[in-house]
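Novice: To start, I am sharing the structure in question, which I have written as structure tokens.
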Amino acid sequence: MKKRKFIVPAIAIIAAALLLEGFILKYVNDRNADRMSKVLLDRVITVLDKNDESEEALIKSLKDDYIVRAKAVSYIIDAKPEVEYDVDELQKIAALISVDEIHLFDTKGYIYSGSVPKYFGYSFDSGEQMEYFKPMLTDKKLTMCQDVTPNTSEAKEMMYAITWNEAGNKMIQVGIEPKRLLNEVRQNEVSNVVADMPVYKDMEILVADSDTKIVAGATDSSKIGLEIDSIDMRHYRCVEKQEGAYIVTVMVKDSYYRQGSLLAILIVGIYLILASCCMVYMLSKVMKEKYEKEKFRYTSNTDELTRCYNRHAYEEDINKLNLSKEWVYVSMDLNGLKRANDSFGHIAGDELIWAAADCMKSSFSEHGKVYRVGGDEFVVIITKDIPQFENMLRTFEQRVASWHGEFVESMAVSYGYVFSSERKWNSIFDISKASDERMYESKKQYYIRSGMDRRR
């Protein structure tokens, strides 16, 4: 009897302890699960926000790049007017600058030439896709780049960029099939983003449009396309948040809370998710910084007009030259640039500078580097094939002599050069000074022979 008196309370105490433990475990599990759901919810929202931002950044980057390519085609056509109606040459230019189409528009908005003859005659009035560019007709300083849009003729997804040429008598448009952008957009669709998110058993993620309430992404693909309010959530505990264009819901089955053993796995899973997201974020940040650094280095070392190396690149490279090795320093200067600017405008001067740079690059780039160090001042440093230098000079002189421009009939370039092996030099500065002196003597002789006023 006495034993029964002890057994009954003992059982009661054990039962009470078990019940208490059960309540404690349920409370802890509920709290942790709720906290975890909110963390996952915030992570989904963060990923979606970053997805939208990366897509916008990519589109902006591509638009800027395509406008630059349109301007490049404009410069080429202005410099070589004979290609304006040459379909084959325009196709070669398109391939050279990596665009799919080149179209030339007159001042009324009609395509009169280009790399795709079947589009000749189309105008800004030919359809909704073409109408986008009508503002170009009223503002010759305007440049435009269209979002990915099916083109008027074939409904092919394209991006088009357009600019006026320097003279303002024609518009140059380039068309590119933005495969990189389309692939990234497809990869970044909400359905793909959510589908790739890791979730645990008895958990689901839903992302719905905040206006239509239609599910656009879900870890359970069968729920995509359903209205979120129509989904049966009676056996789930839900955490929901509206963020911008999305309604994000994290669903956890009630049975999850009764499985205390899953708590440890859940915690580990959260850390793994956070670690993976951090690693992806850090990797993307490193890659972005590397890309920006390379892009900055290119732009900081390249002359915008001529695409030669600029003074910044010259000052970096000149200090790396070894006086004990064989190389050639060439100083070059355009003759009559001021006369061209005064007579025909700065567009003529730019034409001369661009043409001179093109002749230099064609003649010397395989053997060294061409730098634009001032307005019409260039430096060429030859480090390879030194014995062929005289042949390089003759080739350069022939190109200069045979050149004829749109605004200027001809050009003349004075130069002076110094071999690093001529004598023992104290510094590279002495070489550059000697080269400049020889160039100025050449310039002096040119003006004497031509009878031109050097100041003009």
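Novice: Please determine whether any residue of the stretch 403-415 is out of contact with any Pro (no Cβ under 6 Å at 6 or more places or on another chain), within 29 Å of Leu323 (Cβ to Cβ) and not hydroxyl-bearing (Ser, Thr, Tyr).
Specialist: Taking every residue of the stretch 403-415 in turn, at least one turns out to be out of contact with any Pro (no Cβ under 6 Å at 6 or more places or on another chain), within 29 Å of Leu323 (Cβ to Cβ) and not hydroxyl-bearing (Ser, Thr, Tyr).
Novice: May I ask you to say which residue of Ser363, Ser442, Ser427, Ser420 is more than 23 Å from Val83 (Cβ to Cβ), at pLDDT below 95 and surrounded by 20 or more Cβ atoms within 10 Å (Cβ to Cβ)? Give the derivation first.
Specialist: On the way: Ser363 fails: more than 23 Å from Val83 (Cβ to Cβ); Ser442 fails: surrounded by 20 or more Cβ atoms within 10 Å (Cβ to Cβ); Ser427 fails: surrounded by 20 or more Cβ atoms within 10 Å (Cβ to Cβ).
Exactly one of Ser363, Ser442, Ser427, Ser420 is more than 23 Å from Val83 (Cβ to Cβ), at pLDDT below 95 and surrounded by 20 or more Cβ atoms within 10 Å (Cβ to Cβ), namely Ser420.
Novice: Here is a follow-up. Taking the stretch 145-159 on its own, how many of its residues are among the β-branched types (Val, Ile, Thr) and in contact with a strand residue (DSSP E or B) (Cβ under 8 Å, 6 or more places away or on another chain)?
Specialist: Number of matching residues: 2.
Novice: Please tell me if Lys241 is at pLDDT 70 or above and basic (Lys, Arg).
Specialist: Here the answer is no, as Lys241 does not meet what is asked.
Novice: Also, I was wondering about something else. Within the stretch 319-350, count every residue that is more than 24 Å from Glu441 (Cα to Cα) and crowded, with 22+ Cβ neighbours inside 10 Å.
Specialist: 0
Novice: Follow-up question, since we're still on this one. When you scan the stretch 383-403, do you find a residue that is within 16 Å of Asn335 (Cβ to Cβ), of a type in the set (Gly, Ala, Ser) and under 30 Å from the mean Cα position of the chain (by Cα), even just one?
Specialist: no
Novice: Only one of (1) of a type in the set (D, E, K, R); (2) surrounded by fewer than 18 Cβ atoms within 10 Å (Cβ to Cβ); (3) more than 39 Å from the chain's Cα centre (by Cα) is not met by Glu377, so which one is it?
Specialist: (3)
Novice: Restricting attention to the stretch 309-344, report how many residues are free of Cβ contacts under 8 Å to residues at least 40 places away in the same chain and either of a type in the set (Val, Ile, Thr) or within 20 Å of Phe364 (Cβ to Cβ) (or both).
Specialist: Qualifying residue count, the stretch 309-344: 5.
Novice: Here's something else I'd like to know. Specify which of the listed residues (Thr395, Thr383) is over 21 Å from Lys443 (Cα atoms), among the hydroxyl-bearing types (Ser, Thr, Tyr) and surrounded by fewer than 19 Cβ atoms within 10 Å (Cβ to Cβ).
Specialist: Thr383
Novice: Within the stretch 89-112, how many residues turn out to be outside any helix (DSSP H, G or I) and closer than 20 Å to Asn169 by Cβ?
Specialist: Going through the stretch 89-112 one residue at a time, the tally reaches 11.
Novice: Moving on to the next point. Can you report the number of residues in the stretch 325-347 which are modelled with pLDDT of 90 or more and either farther than 24 Å from Met392 by Cβ or out of contact with any Phe, Trp or Tyr (no Cβ under 9 Å at 6 or more places or on another chain) (or both)?
Specialist: Of the residues in the stretch 325-347, 2 are modelled with pLDDT of 90 or more and either farther than 24 Å from Met392 by Cβ or out of contact with any Phe, Trp or Tyr (no Cβ under 9 Å at 6 or more places or on another chain) (or both).
Novice: Out of the stretch 113-137, which residues are in contact (Cβ under 8 Å) with a residue 24 or more places away in the chain, part of a strand (DSSP E or B) and out of contact with any Leu (no Cβ under 6 Å at 6 or more places or on another chain)?
Specialist: Correct list: empty.
The values are calculated or read from the model by the stated rules, or taken from the named source; none is laboratory data. Computed from a predicted model, the values in this text were never measured in an experiment. When we count neighbours, we look across all protein chains shown, and the Cβ atoms used for this are built from the backbone with ideal geometry, even at glycine.
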